[in-house]
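The structure appears right after this line, and notes come after that.
The values are calculated or read from the model by the stated rules, or taken from the named source; none is laboratory data. Please read these numbers as outputs of a predicted model, since none were measured by experiment. Cβ: placed from backbone, ideal geometry, glycine included. Neighbour counts: every protein chain shown. Quick note on the areas: whole protein, heavy atoms, side chains included, nothing else; ligands and nucleic acids left out. Shrake-Rupley method; radii C 1.70, N 1.55, O 1.52, S 1.80 Å.
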Amino acid sequence: MRRRHELCDLLDERRPGYSLPQPFYNDPDIYALDIEGVFNACWLMIGFSVELPKPGNYLAMTIGRTPVVVIRDRAGAIRGFFNSCRHRGAQICQDGTGRAAKLVCPYHQWTYGLDGRLLHAGAMPENFDANDHPLRPIHVEVVAGAIYICLAQTPPDFAPFRRALEPMLAPHGFENAKLAHQYVLVEKANWKLVMENGRECYHCAANHPELGISFPIGISANMSIEDDTRMRGYCQRMAAHGLEVGPTDGSWWQIARFPLNEGMISMSPDGAPLVKKPMLDLDGGDTGSLRFSIEPHNFCHALGDYAFMFSVLPVGPEETHVVAKWLVHEDAVEGVDYDVPSLINTWDMTNRQDRDLAENNQRGVNGLGYLPGPYSPKAEGLVLRFIDWYCERMRAHIGAPSARIAEVA
Amino acid sequence: MLQQSAAAHTEAGISVRILPYDVEVFVRPGETILEAGLRCGVALASSCRQGVCGTCRLHKLSGEVEMHQNGGLFEDEVEDGDILACCSYPLTPLVLEWA
Ligand code: FES
Ligand SMILES: [Fe+2]
């Protein structure tokens, strides 16, 4: 396949420590390979178990070109399926949220149980066996209320990530939370530019003055604070509460608890908590943030009073959806304990500023004048890590034995 | 009210009004609401006709039905007044809504 050879050459061409050659940011063939090699292959973070409170509640979305649906079954377990009917392939649930006692294809009403079994298919011949046509499952893992999916037949090992995240996230009570707000931000930029931007705070001091009030935007390789004395004090305080600080990581995930700026309790316009009923009721919500993120596409912050999720879903070579969600304690009453405009203010402003930065980056990268440039090891360590991870992943994808056999044949 | 429902129990069957079309059909004994609706030319969607697929779902604004569904609706949806026309028989005059 021609585009595989070209991708291989381009990967070889990339200079270590530098941003990617231009085609990685705008070429439709490489985009298609990104979907195959990354989004069809990796674990993705799509939301929270509390978004599916009752049996039949579902969350449907398109990953690359693949519609999937994640649903709570009658026994209460969260399952996922490819959202394509086994009859002639029509999409079953429209993207978004809803509730269904059965999954019914809108085309010819083939009807599936919430376990994926085909229960009704009209006008099929006697020898048609419904058991041969269940919905095809996808992998789903729920960690302390956070939902991860993987479209691959054989997903990357999830166990180490679960082992690390579960004890650190569990105290935040995501299972006793509710979705306070969500939206999708459309960004005219390649998904990798959106992610590169999200993996560094080199740009923060100039571009995110609001976030900078609470968020430690100092130049550091991994968004941690550099004041050792403060960090030691924070670690001791967290340890006293039995809260692990980390940092801990694997090749495709990172988890760390870190303190906010001096005197700041939440990521808010003035550092004060935004929700009267905290999710983590310790030290008046002053527990910093638990940041957990996965390559290729996500980070979350779990604060004392709310949690924020940021996941990107690519929709084209130069278009990306940013899915943003805010969680608060389930007993927090809107208009009494919190209000949405204040709750989302800091991250909403940050998201929109970041969108402008990514779109501006895309325009410059598309130009004749673009040449890959060097990342700052000091300030862009996580970007470098993301891009190195991406290059490795794509090498593994195109170097798969089946592809080599195909080439020889 | 009593008088009205008595009038609605004619030999032609039990009165079922379906909004927003505002048509009235008389469901004969042994007939489902879906069968009666189709007999009278009301545009009702259906597929499995055995209470599984939920395609024939209607919302009940008033009245009582006997329903033999097969999982097409959750119990709480039934409590909220949803019915499946293919497997529901009116016990009293009904006002239904196609939503
Ligand atoms: S037609 Fe399938 S439930 Fe009524
Ligand atoms: Fe930013």
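Taking A:Gly218, is it over 16 Å from A:Phe310 (Cβ atoms), in the same structural domain as A:Thr350 (by TED's automatic domain parsing) and in a loop (DSSP other than H, G, I, E, B)?
On the way: over 16 Å from A:Phe310 (Cβ atoms): yes; in the same structural domain as A:Thr350 (by TED's automatic domain parsing): yes; in a loop (DSSP other than H, G, I, E, B): yes.
Considered against the rule, which asks whether it is over 16 Å from A:Phe310 (Cβ atoms), in the same structural domain as A:Thr350 (by TED's automatic domain parsing) and in a loop (DSSP other than H, G, I, E, B), A:Gly218 comes out as yes.
Taking A:Gly89, is it in a loop (DSSP other than H, G, I, E, B), on the phi > 0 side of the Ramachandran plot and either more than 14 Å from chain B (Cβ to nearest Cβ) or of a type in the set (Ser, Thr, Tyr) (or both)?
Values: in a loop (DSSP other than H, G, I, E, B): yes; on the phi > 0 side of the Ramachandran plot: yes; either more than 14 Å from chain B (Cβ to nearest Cβ) or of a type in the set (Ser, Thr, Tyr) (or both): yes.
Yes; evaluated as a whole, the condition is true for this residue.
Under the condition of being open to solvent by 60 Å² or more (accessible area, probe 1.4 Å), part of a strand (DSSP E or B) and closer than 16 Å to A:Gly80 by Cα, which residue from region A:96-131 is nearest to ligand 2 (Cβ to nearest atom)? I'd like the intermediate steps shown before the answer.
Filtering region A:96-131 down to residues open to solvent by 60 Å² or more (accessible area, probe 1.4 Å) leaves A:97, A:99, A:106-108, A:115, A:117, A:119, A:123-127, A:129, A:131.
Going one step further and asking which of them are part of a strand (DSSP E or B), we end up with A:97, A:99, A:119.
Filter again for closer than 16 Å to A:Gly80 by Cα, leaving A:97, A:99.
Working: A:Thr97: 28, A:Arg99: 36 Å.
Filtering region A:96-131 for residues that are open to solvent by 60 Å² or more (accessible area, probe 1.4 Å), part of a strand (DSSP E or B) and closer than 16 Å to A:Gly80 by Cα, the one nearest to ligand 2 (Cβ to nearest atom) comes out as A:Thr97.
State which residue is surrounded by the fewest Cβ atoms within 10 Å (Cβ to Cβ) when the search covers only region B:41-61 and only residues that are facing another protein chain (nearest Cβ under 10 Å) and among the basic types (Lys, Arg).
B:Arg49
If I go through region B:69-92 residue by residue, how many of them are at the interface with chain A (Cβ under 8 Å from one of its Cβ atoms) and aliphatic (A, V, I, L, M)?
Of all residues in region B:69-92, those at the interface with chain A (Cβ under 8 Å from one of its Cβ atoms) come to B:71-74, B:76-77.
So of that shortlist, the ones also aliphatic (A, V, I, L, M) come out as B:73.
Count: 1.
Would a scan of region A:317-330 turn up a residue that is touching a Pro at 6+ places or on another chain (Cβ under 6 Å) and among the polar types (S, T, N, Q)? Let's see the steps before the verdict.
Step one: filter region A:317-330 for residues touching a Pro at 6+ places or on another chain (Cβ under 6 Å), giving A:317, A:320.
Pick out the ones that are also among the polar types (S, T, N, Q) and you get A:320.
Yes, that holds for at least one residue.
Would you check which residues across region A:177-189 are more than 13 Å from A:Asn360 (Cβ to Cβ) and within 16 Å of ligand 2 (Cβ to nearest atom) and list them? Show your work before the answer.
Residues of region A:177-189 more than 13 Å from A:Asn360 (Cβ to Cβ): A:177-186.
Listed by number, the list holds a single entry, A:Leu185.
Have a look at A:Ala152, A:Ala170, A:Ala144 and point out the one that is within 30 Å of A:Asp249 (Cβ to Cβ), touching a Phe, Trp or Tyr at 6+ places or on another chain (Cβ under 7 Å) and away from chain B (no Cβ under 14 Å). Steps first, answer last, please.
Numbers: A:Ala152 fails: touching a Phe, Trp or Tyr at 6+ places or on another chain (Cβ under 7 Å); A:Ala170 fails: touching a Phe, Trp or Tyr at 6+ places or on another chain (Cβ under 7 Å).
Just one listed residue meets the conditions, A:Ala144.
Could you check how many residues of region A:232-266 are of a type in the set (Val, Ile, Thr), open to solvent by 20 Å² or more (accessible area, probe 1.4 Å) and within 19 Å of the chain's Cα centre (by Cα)?
Going through region A:232-266 one residue at a time, the tally reaches 1.
Going by the structure shown, is A:Pro55 in contact (Cβ under 8 Å) with a residue 12 or more places away in the chain and within 14 Å of another protein chain (Cβ to nearest Cβ)?
Working: in contact (Cβ under 8 Å) with a residue 12 or more places away in the chain: yes; within 14 Å of another protein chain (Cβ to nearest Cβ): yes.
Here the answer is yes, as A:Pro55 does meet what is asked.
Would you check if B:Cys86 is within 20 Å of A:Cys93 (Cβ to Cβ) and within 13 Å of ligand 1 (Cβ to nearest atom)?
no
Residue pairs, Cβ under 8 Å, 6 or more apart or interchain, first in region A:203-215 and open to solvent by 20 Å² or more (accessible area, probe 1.4 Å), second of a type in the set (D, E, K, R) and within 11 Å of ligand 2 (Cβ to nearest atom). List them.
A:Asn207/A:Asp354
Among the numbered criteria (1) closer than 21 Å to A:Glu187 by Cα; (2) within 14 Å of another protein chain (Cβ to nearest Cβ), which single criterion is violated by A:Ile63?
Checking A:Ile63 against (1) closer than 21 Å to A:Glu187 by Cα; (2) within 14 Å of another protein chain (Cβ to nearest Cβ), the one that fails is (2).
Which of the numbered conditions does B:Ala7 fail, given that it passes all the others? Conditions: (1) modelled with pLDDT under 95; (2) touching a Ser or Thr at 6+ places or on another chain (Cβ under 9 Å); (3) closer than 30 Å to A:Pro53 by Cα.
Evaluating B:Ala7 over (1) modelled with pLDDT under 95; (2) touching a Ser or Thr at 6+ places or on another chain (Cβ under 9 Å); (3) closer than 30 Å to A:Pro53 by Cα leaves (3) as the failure.
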